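Working notes, beginning with the structure itself.
The values are calculated or read from the model by the stated rules, or taken from the named source; none is laboratory data. Keep in mind that this is a model prediction, so the values were computed, not measured. As a convention, Cβ positions derive from the backbone with ideal geometry for all residues, glycine included, and neighbour counts pool all protein chains shown.
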Amino acid sequence: MKTHFIAIGGSAMHNLAIALKDKGYQVTGSDDAIFEPSKSRLEKKGILPQEMGWFPEKITPDIDAVILGMHAHQDNPELAKAKELGLKIYSYPEFLYEQSKNKTRVVIAGSHGKTTITSMILHVLNFHQKDVDFMVGAQLEGFDCMVKLTQDNDFMVLEGDEYLSSPIDLRSKFLLYQPNIALMSGIAWDHINVFKTFDDYIDQFRKFVASITAGGVLVYNEEDPEVVKVVENAENYFRKIPYKTPEYEISNGKVYLKTEMGDVPLSVFGAHNLLNMEGARHICRQLGIMDEDFYEAIMSFKGASKRLEKVEREDKGTLYKDFAHAPSKVKAAVKAFTEQFKNDKKYGFLELHTYSSLNPAFLEQYDHAMDGLNEAIVFYSEDALKIKRMEPISPEFIKEKFKNENLKVFTNAEDLHAYWNTLDKTDGVYLMMSSGNFGGLDLTK
């Protein structure tokens, strides 16, 4: 089968391209910019485009599938050529469904926790050598690629994202998967550039639950009132399995899960991670993994990439980075950090740079998000606001919305870096929360 990727360099897209190459497909692609690690990984597989840019001549009648990434625009010349030739054009999730429509599909959804839960499930399955197809949104220890596709595996585990599928398909990605087994971890308004009201956003989850196949299974977080409402109001037939935060204790800096089989020592921390773990356990049960086997495997789970991930520093200082940027994720990460390091001086840094996080209406949701830290720092770039054509935001406004008078606010990278360099990183513990890089800050030094 011959496939062509329009915008092959994306985090998700390049992993799918590699998975198809490994499956034996002919793979070509284009992009106007490709960065690391995508560039090296595509080059290693021999599918890195020779030139950057869009080339309609690459689109030929013998192509079986064109896969369109979100990075491309509706007026993309390669897309126009594919339409002209009448080729089959797939969004990323649409193509994943085509690859898995004869398998049992397990879809992990939610505003937060979905990457971690999917990672936990795959870690446990890999530990017990149970082979499945998968797609996950973070690089995992022990896995070469974030996507795996085979002819023979019976199950496919998919991280279900509520964001749009492609420039020409404005459905949420997870609505295309039609899960046989699903999980919903939580609902907290996000992507407000697309979902203008909270109800618009919740409606995506209503539709997701409605897409569960007849007689399927939904594992859901019973501690989230919005999730509970969606589940209780669902009209289609499926089995409902609730889960909640399990009992645990912290002793000498180590987290122990309280189970019927005794205390289970863990390599991760934070109540939200233990809640995620409980959801993963229930999904693994559906896949034939007994509880004792789940606990045996989960002890060695060290976390998904950039989810409370410990950074090895040259000075041996204690620093964790987290992808948290949405309010619910920031609050969960800060809570976990303050609970784990009760007796240490705690520094928390948050970078605001997504469209939602810089929207004045959305900033209300960050109230008290940084409470419990000894030093709380927020960084956003005034230049980024100009690029996004957004109105200026004052540091005073940020402090007001965070309801934290002691908040330090930096609006350019130079000032942030100067402050960072004054700190002794061996004194205290550091939590760095961003889906960016704090204006190029090197967290290892």
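Quick notes on this structure:
- The condition of being of a type in the set (Lys, Arg) and more than 23 Å from Glu278 (Cβ to Cβ) does not hold for Lys114.
- Taking the numbered list (1) more than 14 Å from Leu122 (Cα to Cα); (2) surrounded by fewer than 17 Cβ atoms within 10 Å (Cβ to Cβ); (3) not basic (Lys, Arg) in turn, Tyr243 passes all entries but (2).
- Selection count where residues are farther than 27 Å from Gln365 by Cα, in contact with a strand residue (DSSP E or B) (Cβ under 8 Å, 6 or more places away or on another chain) and charged (D, E, K, R), scope the stretch 401-443: 1
- Test: residue in the stretch 410-426 that is at pLDDT 95 or above, assigned by TED's automatic domain parsing to the domain that holds His353 and closer than 20 Å to Asn359 by Cβ: yes
- Filter result for Glu391 (assigned to a loop (DSSP other than H, G, I, E, B), closer than 21 Å to Thr197 by Cα, touching a residue at least 24 places away in the same chain (Cβ under 8 Å) and charged (D, E, K, R)): yes
- Any hit, the stretch 86-104, residues being modelled with pLDDT of 95 or more, loosely packed, with under 13 Cβ neighbours inside 10 Å and farther than 30 Å from Gly216 by Cα: yes
- Some residue of the stretch 333-343 being crowded, with 23+ Cβ neighbours inside 10 Å, part of a helix (DSSP H, G or I) and in the same structural domain as Leu183 (by TED's automatic domain parsing): no
- Residue match in the stretch 22-30 (condition: surrounded by fewer than 23 Cβ atoms within 10 Å (Cβ to Cβ), under 18 Å from Val136 (Cα atoms) and in contact (Cβ under 8 Å) with a residue 60 or more places away in the chain): yes
- Evaluation of Phe174 against (1) over 17 Å from the mean Cα position of the chain (by Cα); (2) under 21 Å from Leu218 (Cβ atoms) (one fails), failing number: (1)
- Members of the stretch 215-228 found to be more than 14 Å from Val106 (Cα to Cα) and either free of Cβ contacts under 8 Å to residues at least 12 places away in the same chain or hydrophobic (A, V, I, L, M, F, W, C) (or both), listed by number: Pro225, Val227, Val228
- Sub-6 Å Cβ pairs linking a first residue in the stretch 298-320 that is closer than 27 Å to Arg281 by Cα to a second residue that is outside any loop (DSSP other than H, G, I, E, B) and of a type in the set (Lys, Arg), at least 6 apart or interchain, are Lys306/Lys321; Glu309/Lys321; Tyr320/Lys310, ordered by first then second residue.
- Matching residues, the stretch 104-140, being over 22 Å from Ala17 (Cβ atoms) and assigned to a helix (DSSP H, G or I): Lys114, Thr116, Ile117, Met120, Ile121, His123, Val124, Leu125, Asn126, Phe127
- For the stretch 310-327, the criterion of being closer than 16 Å to Tyr366 by Cα, crowded, with 19+ Cβ neighbours inside 10 Å, at pLDDT 90 or above and not assigned by TED's automatic domain parsing to the domain that holds Glu141 is met by at least one residue.
- Yes/no for Gly262 being without any contact (Cβ under 8 Å) to a residue 60 or more places away in the chain and small (Gly, Ala, Ser): yes
Let's see how each residue does on (1) over 27 Å from the mean Cα position of the chain (by Cα); (2) under 25 Å from His191 (Cα atoms); (3) surrounded by 20 or more Cβ atoms within 10 Å (Cβ to Cβ); (4) not assigned by TED's automatic domain parsing to the domain that holds Val194:
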{"site": "Tyr355", "(1), (2), (3), (4)": "no, yes, no, yes"}
{"site": "Glu364", "(1), (2), (3), (4)": "no, yes, no, yes"}
{"site": "Phe379", "(1), (2), (3), (4)": "no, yes, yes, yes"}
{"site": "Glu382", "(1), (2), (3), (4)": "no, yes, no, yes"}
{"site": "Pro392", "(1), (2), (3), (4)": "yes, yes, no, yes"}
{"site": "Pro395", "(1), (2), (3), (4)": "yes, yes, no, yes"}
{"site": "Lys399", "(1), (2), (3), (4)": "yes, yes, no, yes"}
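- Flag if Val230 is over 30 Å from Phe337 (Cβ atoms), at pLDDT 95 or above and not polar (S, T, N, Q): no
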